[in-house]
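> The structure is given below, and queries will be raised subsequently.
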Amino acid sequence: MTDIVVFAGPVVLTPAHRSINWHGRDVRIVPVVNDGSSNAALAQSLRAPDGRILPNLLARYAPGIQPGSVALAAFSAGYGLLDPILQHPADRAAVTAVILSDACFSQGNPTSGTGGVAKPGFAAFGAEAINGGKLMVATTANSTDGSHLTGRQSWLVTQDAARTASQCFCEPAEVSPRAPVPPAPGGFWQTGTALYWGDYTRAGSSPNTGDAFTHAEHDTVVGPAVWQAYLAPWLAGWRGIPVWVFGAALGVAVGYVTRRKTRST
């Protein structure tokens, strides 16, 4: 069966996107190219009487395909389409993975970093990724036109909401990004089972400074690397091991060695 990746926003489908190794899966990338508020308007126009959006979206942009798996990806304003989709439980249940390439923006004051409101669809899906069974990867820059929080500030608000909704009470743990994902100056973070965040802004930077990659490069450079390292294995069924398992295993090992040494002396 064909897996579908809906790619929303003012997206550029690069040669890197087209050359991803999908590990034997038949994957079709479906670009839904819209800028600004037209993404939210599209979501509203596709909404069925029962509130669902995804069935009409697939019928319009991927007609005739019965997907094996559905993943959603966005760059920039593409969040205006994806977040409403993920707010509906049935649509959210039909999606296995979400990749946000600097694609989470909230109202608020970027200078003070206050006033942000979490994206409810992203928070709900992020909670499921924390608890297992779904994959969510967000990468952020620190840019804003001043009318909203930066991508980094916005994601922190939504990530906190996802942690609360998950009832996991787990803190983000810094991990090494999988190759070929570039190093993140602010750290690459894993929360729970499969919620990841790449902070591509240097610590302590004020808005519109400190970025390792521009906003646009999250689409053209960082994004394809994340798709290859995280999305492709996920669609192929490679789920990996949650970071907390490694921590627990290390604790058991250390305790065992300590007890052995105590008994030896």
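The values are calculated or read from the model by the stated rules, or taken from the named source; none is laboratory data. Note that the coordinates shown come from a computational prediction; the quantities given were computed from them, not determined experimentally. For neighbour counting, all protein chains shown are included, and Cβ atoms are generated from backbone atoms with ideal geometry for every residue, glycine included. The accessibility values were calculated without ligands, DNA or RNA, using every heavy atom of the protein model including side chains. Shrake-Rupley method; radii C 1.70, N 1.55, O 1.52, S 1.80 Å.
> Ranked from the most accessible area to the least, with a 1.4 Å probe and all protein chains present, what is the order of V95, V157, V12?
V12, V157, V95
> Using a 1.4 angstrom probe on heavy atoms only, work out the carbon and sulfur share of the accessible area of the chain in %.
About 56 percent, which is the carbon plus sulfur part of the accessible surface.
> Using a Gaussian network model on the chain with a 10 Å cutoff between Cα atoms, which of W22, W227, W155 fluctuates the most?
Highest fluctuation among the options: W22.
> State which helices in the chain qualify, where a helix is a whole DSSP H run, it must extend 27 Å or more along its own axis by its Cα atoms, and its mean Kyte-Doolittle hydropathy must be at least -0.5.
Taking the DSSP H segments of the chain (at least 27 Å long, mean hydropathy at least -0.5), we get 243-264.
> Output the lone cysteines of the chain: those with no second cysteine's C-beta under 4.7 Å from their C-beta.
Lone cysteines by the Cβ rule: C104.
> Just from its helices, what would the mean residue ellipticity at 222 nm be for the chain, if runs of 4 or more DSSP H residues each count -39500 (n - 2.57) and the sum is divided by every residue, rounded to the nearest 500 deg cm²/dmol?
-10000 deg cm²/dmol
> With just the Cα atoms defining each centre, how far is the range 161-201 from the range 1-74? Give it in Å.
Answer, in whole Å: 24.
> Per residue, how large is the accessible surface of the chain? Use a 1.4 angstrom probe and give square angstrom.
44 Å²
> Now for a separate question. Lys/Arg Cβ at +1, Asp/Glu Cβ at -1, dipole of the chain taken about the Cα centre: which of G204, F122, G132 is farthest positive-ward?
G132
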